[in-house]
Structure formats: C-alpha cells, structure tokens
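*Asks:* Following this message is one structure expressed as structure tokens.
The values are calculated or read from the model by the stated rules, or taken from the named source; none is laboratory data. Bear in mind that the values here come from a model prediction, so they are computed numbers and not experimental data. Ideal geometry is used to build each Cβ from the backbone, glycine not excepted, and the neighbour counts take in all protein chains shown.
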Amino acid sequence: MSAAARAQPEFAGALPAAAGACLTLRPISPQDGGVLQTYIRALSWESRYNRFLGALNELPAAELQRVTHLDRKYELALLAETRLDGAPRVVAEVRYAFSPDRRECEFALSVADAWHGKGIGALLVADVERRAACLGARRLVGEVLRSNEPMKALARKAGFALADIPRDARLVRIVKDLAPSRRARIPGSVPLPIAA
C-alpha cells in the first residue's frame, strides 16, 4: 500500500471523544459549502478570530470554493461530525497543505465552542501528524495568534516548539519535527480513517 493510500484511506472512521460521543472524520466535499459556512458562522467571534487570524463572519466565496475543491492528496480539509437528534452536526474542522517541496505540512483547525476542552483538538492534531508523516513531511507547522493561549497550550502538549515570526509580531509559529527517527516513536502511526 502506498504512503498516500495509508494517509488518505477512503473508508468511514471514528474518533473517540469525551462523554461517549462518537465523531466521524470525513473530507470536505464540493457539496459541503453550506455546511462549512454554517459551522463557521456558528463559531464565537473569538474562535473565528483565532482560527482565521483576524475578524470575519464567514468565509469569502472564493475561499469557500477553494476549500471545498482541494486536491485531497497534498492538501485536505476534514470535518469532524457527531449525530445530534439523528442529524449530523459539525463540531470541528481541520485543514492541511504541503509546501511545494513536500517537506513541511501546514495545518489549522477549529473546534465548535460547545466542544472546547473535550480533547477534539488534540485528536485532530494527532491525526494530521500521522497523515503528514505517512506522506513524507519532515515538519508539521502552523501559525497561531500570540494571544491564542488554548492553541499554544495544545501545541506544547503535543510536542511542538514555538518560535517568533519576525514579519508579524501578532503570530507565533508552531513546529514539530516529523523526521523518520522521530516518526518511529509516534504512537499509532497509521492515520485515522476518514469517511468517503
């Protein structure tokens, strides 16, 4: 099985979550524009600001189009859903994209406000880390607002180093080494499956 196939399995999968909830992780599809936009609009102002590094109420049309039409090999957007009253409900999203040389994988995520503190962010970071490692990335990176203490704490707990970004004092860069010697120590080195 190729690294890409291991990193992008095309079958349903679940993430274990607190309080007995079961979360399904699936790729965003072209039909998910409205679902994603509804999720983004429902985030608190602070959560949207932290996720998008600035103020916005919803994704601009061009960005929404781009996110729902990613190549799925070296850039992917995933939704974490649960079922509430029999209907799927998005509780988190994560996106990643590889640099052109495929050495770095940059990611960003958000978790619905009502689901903060339940370990979903940590599960998503671990999943993206496994996917990036399977596809050969040497580093997993992200840009985080200096004021976003919950994300910085999550990054530190997951083993990321934090560094200043000289071009923008508002941000810090989080970096985790995924070199092969490090990858061998990552528990559960097979990525979580995603629904097709």
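*Asks:* When only residues in the range 1-49 that are modelled with pLDDT of 55 or more and of a type in the set (Asp, Glu) count, which is surrounded by the fewest Cβ atoms within 10 Å (Cβ to Cβ)?
*Replies:* Looking at the filtered set, the residue picked out is 46.
*Asks:* Determine whether the range 70-86 contains at least one residue that is within 14 Å of the chain's Cα centre (by Cα), surrounded by fewer than 17 Cβ atoms within 10 Å (Cβ to Cβ) and on the phi > 0 side of the Ramachandran plot.
*Replies:* Yes: the range 70-86 contains one or more residues that are within 14 Å of the chain's Cα centre (by Cα), surrounded by fewer than 17 Cβ atoms within 10 Å (Cβ to Cβ) and on the phi > 0 side of the Ramachandran plot.
*Asks:* Kindly list the number of the only condition in (1) outside any helix (DSSP H, G or I); (2) under 19 Å from residue 108 (Cβ atoms) that fails for residue 24.
*Replies:* Only one criterion is unmet by residue 24, namely (2).
*Asks:* Report the residue count in the range 68-113 for those that are part of a loop (DSSP other than H, G, I, E, B) and either β-branched (Val, Ile, Thr) or under 17 Å from residue 37 (Cβ atoms) (or both). Spell out the reasoning first.
*Replies:* Let us first name the residues in the range 68-113 that are part of a loop (DSSP other than H, G, I, E, B), namely 68-74, 85-86, 99-103, 112.
Now narrow it down to the ones that are either β-branched (Val, Ile, Thr) or under 17 Å from residue 37 (Cβ atoms) (or both): 68-70, 112.
Selection size over the range 68-113: 4.
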